[in-house]
Amino acid sequence: MGLLQLLASLTLVAGLVGTCHAYSLGDFVPTARRGQFQTQRTQWHDVHGQHCPKFGHDQLVSLPIPKPQAFRPGDNYKIQFSFAGDQFVTPWLLVMGRYLSLVSYLDVELTHTGGELRSVRAAVYDLPHRDAAAHPLLVSQWANASHWPKPLLVQYRWVAGAEVRGDHALLLLFAAAAALLGLVLSNAYRSYRRHLAAFVVAVAAPTQPKAD
């Protein structure tokens, strides 16, 4: 890697570090969703504020899933979420299907450091029987094939990650840059020594006399 490439890479990394979005407690985290069924995928749709995660707040929401066109009872339906402007995208999560239990719920774990969202994990679980018994209307809406939108329960859980101070992060960044620069200079020096040695040998070699 050349010196100019190295400097360009460092500039890009420093720019990314400087543009991390800082949230305050209770801020809505921008969220979008899309669905997949049969061989079709829907477009991304913004999730309304009351159904989005609030930064640092654990909450349970009922996210309405509208009926996709051409969807038939028994079709598998998968959902995918995007958080913080596509910085974090979940895998496809199967929430409806012929062989699934009557009601599924989604558990979303969001890890934050200070005011920054660091990672997102999501998984689908069966709604426990005691919760299903406590919410008969929810169960009946899922069981009724003609009832749409379907209320998908989403549990947002926040986990505090190990906090790294900004000045420490920059020190680590520049230490790595210094090590990389040293490696580049070392390689250049070794190459220079090889060329210099070859030049000295060529100059010191005896010159063959010309034939008369």
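Tabulated values for the structure
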quantity: D167 touching a Ser or Thr at 6+ places or on another chain (Cβ under 6 Å) and modelled with pLDDT under 95; calculated: no
quantity: Residue match in segment 129-147 (condition: modelled with pLDDT of 95 or more and hydrophobic (A, V, I, L, M, F, W, C)); calculated: no
quantity: Boolean, W92 is crowded, with 17+ Cβ neighbours inside 10 Å and in contact (Cβ under 8 Å) with a residue 24 or more places away in the chain; calculated: no
quantity: Residue match in segment 97-117 (condition: in contact with a helix residue (DSSP H, G or I) (Cβ under 6 Å, 6 or more places away or on another chain) and in a loop (DSSP other than H, G, I, E, B)); calculated: yes
quantity: Filter pass, A132 being surrounded by fewer than 16 Cβ atoms within 10 Å (Cβ to Cβ) and either without any contact (Cβ under 8 Å) to a residue 40 or more places away in the chain or over 17 Å from T31 (Cβ atoms) (or both); calculated: no
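Let's see how each residue does on (1) outside the structural domain of F88 (by TED's automatic domain parsing); (2) within 20 Å of the chain's Cα centre (by Cα); (3) at pLDDT 95 or above:
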position: G26; (1), (2), (3): no, no, yes
position: P30; (1), (2), (3): no, yes, yes
position: F37; (1), (2), (3): no, no, no
position: Q40; (1), (2), (3): no, no, no
position: D46; (1), (2), (3): no, yes, yes
position: V61; (1), (2), (3): no, no, yes
position: I65; (1), (2), (3): no, no, yes
position: P68; (1), (2), (3): no, no, no
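Residues are listed down the side, and each one gets a yes or a no for (1) polar (S, T, N, Q); (2) surrounded by 13 or more Cβ atoms within 10 Å (Cβ to Cβ); (3) touching a Ser or Thr at 6+ places or on another chain (Cβ under 8 Å):
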site	(1), (2), (3)
N76	yes, yes, no
I79	no, yes, no
E116	no, yes, no
W148	no, yes, no
A160	no, no, yes
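The values are calculated or read from the model by the stated rules, or taken from the named source; none is laboratory data. Predicted, not measured: the structure shown is a model, and the values here were computed from it. Don't worry about glycine lacking a Cβ; one is built from the backbone with ideal geometry, like all the others, and counts go over all protein chains shown.
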